Every structure is written in C-alpha cells, then in structure tokens.
1. In the range 225-236, is there at least one residue being at positive phi and open to solvent by 30 Å² or more (accessible area, probe 1.4 Å)?
2. What number of residues within the range 96-111 are more than 20 Å from Gly158 (Cβ to Cβ) and buried (at least 20 other Cβ atoms within 10 Å of the Cβ)?
3. Can you find a residue that is under 30 Å from Ala273 (Cβ atoms), assigned to a strand (DSSP E or B) and either modelled with pLDDT of 95 or more or among the aliphatic types (A, V, I, L, M) (or both) anywhere in the range 94-111?
4. Only one of Ala64, Ala84, Ala93, Ala43 is surrounded by 14 or more Cβ atoms within 10 Å (Cβ to Cβ) and touching a residue at least 60 places away in the same chain (Cβ under 8 Å); which?
5. Of the conditions (1) in contact with a Cys (Cβ under 6 Å, 6 or more places away or on another chain); (2) open to solvent by 40 Å² or more (accessible area, probe 1.4 Å); (3) assigned to a helix (DSSP H, G or I), Arg79 clears all except one; give me its number.
6. Which numbered condition in (1) among the acidic types (Asp, Glu); (2) in a helix (DSSP H, G or I); (3) buried (at least 18 other Cβ atoms within 10 Å of the Cβ) is the only one that Asp118 fails?
7. So the check is Cβ under 8 Å with 6+ separation or different chains; which pairs have a first residue in the range 250-275 that's closer than 17 Å to Ala184 by Cα and a second one that's assigned to a helix (DSSP H, G or I) and among the basic types (Lys, Arg)?
8. Looking at the structure I just gave you, is Ile146 β-branched (Val, Ile, Thr) and under 16 Å from the mean Cα position of the chain (by Cα)?
Amino acid sequence: MNTARKTTARRLLGRLPWIDPGRAPLPARTAFVTGASSGIGRALAAELCTRGYDVYLTARRTAALEDLRAELAATHPRRTVALAALDVTDHEAVVKTLDDAAAALGGIGVVFANAGTDADGNIGTGHFETHRAVIDVNFIGAMATIDAATALFRRQGGGQIVGISSVAASAGLPGGAPYSSSKAALSTYLQSLRAETWKEAITVTTIAPGYIDTPINEAMGDKRRFLIDTSAGARKIMDRVEAGARTAAVPRFPWAFVGYLLRRAPDSVIARAAT
C-alpha cells in the first residue's frame, strides 16, 4: 500500500475513538514550545531533539532556558535550539514570538501550548487572585498560543497544534478548582478548533497527562498514583503527537479509564477525593 493510501486508510479508521488518525504532513520538522523551562516542557524539548526536530523554546525564566540550551547543545549538537523570553498571557508578545520562531527556523511544524501553573486553596477562602492567575496562564495563555498558531498554520498551509490539558479536566476536583476548570476549558477550546479546521491541513491534538513528576504536583508526594518521570511522559506524549491523535490520555492506561470514570462519577464520590 502506498503512502497516500496508508494516510487515507488511517484517517478513515481514525474516526474510531481508539485509533489515532495520523497527521497531515508538516511544513517543517520544527517545534515551538511554551513553558519549556521545567517539567513536561523541558522534557519535551529533549525528546523533540532526539527525534530530529529543531526547537524554539520559550518561558518566563530565561536563565533556566539557557541552561537547557547548553544541555541540548551537548547531547544533540546537530539540532538548532533557539530561545525567547515569553509571558503567554501577553497575546501580542505571543504572536510576535511565534512569527520570529517561524522566521528563525524556516517555518514551524508543531506548536505545543504547554505553559501551566497551579495554586492551592478552596473557593471562597481568600484565594481569588491566585486562582485567576492560574486561569490566565493555563487557559488564556493557551488560547493566545493556539490562536496565533492557527493563524500561522493557515499562512503556511498546515501544521500541528498540541494543547497540554490534564486528566484533571475530567471533573471539578475539590481544592483544584482553578486547575481543573482551566484544563477543562482548554480541552473544550481545542475541540472547537478541531471542528473549525476539520477540512484544513491542521492537526489538533489534546494531551491529557496523568501524574507526571513535575514541580506542579511534587508537593503531593506519595499521593501521586501511577507516577512516571518526565522523560517517559515526553516519549509517550510524542508517540501520540506523531500518530496524529485527536485526544490522548498519557499514559493511556490507566488514565483513559480514570478520566472516563471521573466524567461519570456523582458529586458525592468527587467530594471524597479531598479526603
């Protein structure tokens, strides 16, 4: 079977929810990553270089990015690693930085809307400003990144947008209102984009990680069940990204099943998640 027929067959089979449909050809083997200074973003940068992508890495903490570039230059000397300071809540800055990245790398193939944060505290207990800051980064910042990427990919003639959501998007978890709601909003936003670009050469992928060992969740310690390290998480994420998945829990087992249960659990069960 030739490549065109394989792609067509995979896209037809990909209408089934358990089969990844494949992705349209990328305009360039390059990637733009937000929140690349730590956690999943940092691990994705290394995994992308391992797989032969040139990368444009962004974050607010430029010193951490410089350290990462030095590491990648040592381990992947043939890859281009470019950096920029970026606050994803500044839409104009996101547009300019993404355009700069496309010019620097000769086009962008994949954009990862990865920047994220979290904050503790129940609703109504004096944490509104910190909760709003979580929404600003996790959802508004992701919106800015995705909006700019969609415009760029339409000019380029294609590309792939990857939004890093969470299994926590499946339910409003007690004590995690801003994080769960920001990730649920991101998942819905990406679903809208998939519908809007259904006939275009733009692949839209929603990744919902379970517990991956990052600074966001490290304070939970031993409560993080089925924990994997960031390198393993990045490999599994990239496997699903390169397969053109529309949505993917990472790792698939047990988190796809956990997400399914959370979406159907009664409030009384969700309430006990705090105990």
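1. Here is the first cut: in the range 225-236, the residues at positive phi are 226.
Imposing the further condition that a residue be open to solvent by 30 Å² or more (accessible area, probe 1.4 Å) reduces the set to 226.
Within the range 225-236 (the criterion being at positive phi and open to solvent by 30 Å² or more (accessible area, probe 1.4 Å)), the answer is yes, since at least one residue qualifies.
2. Of the residues in the range 96-111, 1 are more than 20 Å from Gly158 (Cβ to Cβ) and buried (at least 20 other Cβ atoms within 10 Å of the Cβ).
3. Quick first cut of the range 94-111, residues under 30 Å from Ala273 (Cβ atoms) only: none.
No, the range 94-111 contains no residue that is under 30 Å from Ala273 (Cβ atoms), assigned to a strand (DSSP E or B) and either modelled with pLDDT of 95 or more or among the aliphatic types (A, V, I, L, M) (or both).
4. Values: Ala64 fails: touching a residue at least 60 places away in the same chain (Cβ under 8 Å); Ala84 fails: touching a residue at least 60 places away in the same chain (Cβ under 8 Å); Ala93 fails: touching a residue at least 60 places away in the same chain (Cβ under 8 Å).
Testing whether each residue is surrounded by 14 or more Cβ atoms within 10 Å (Cβ to Cβ) and touching a residue at least 60 places away in the same chain (Cβ under 8 Å) leaves just Ala43.
5. (3)
6. (2)
7. Note: pairs meeting the criteria are Val250/Lys236; Val250/Arg240.
8. Numbers: β-branched (Val, Ile, Thr): yes; under 16 Å from the mean Cα position of the chain (by Cα): yes.
It is true that Ile146 is β-branched (Val, Ile, Thr) and under 16 Å from the mean Cα position of the chain (by Cα).
The values are calculated or read from the model by the stated rules, or taken from the named source; none is laboratory data. All figures in this text were calculated on a predicted structure; none of them were measured in a lab. Using ideal geometry, Cβ is built from the backbone for each residue, glycine included, and neighbour counts are taken over all protein chains shown. The protein model used for the area step is the full one, side chains on, heavy atoms only, and it has no ligands, DNA or RNA in it. Shrake-Rupley method; radii C 1.70, N 1.55, O 1.52, S 1.80 Å.
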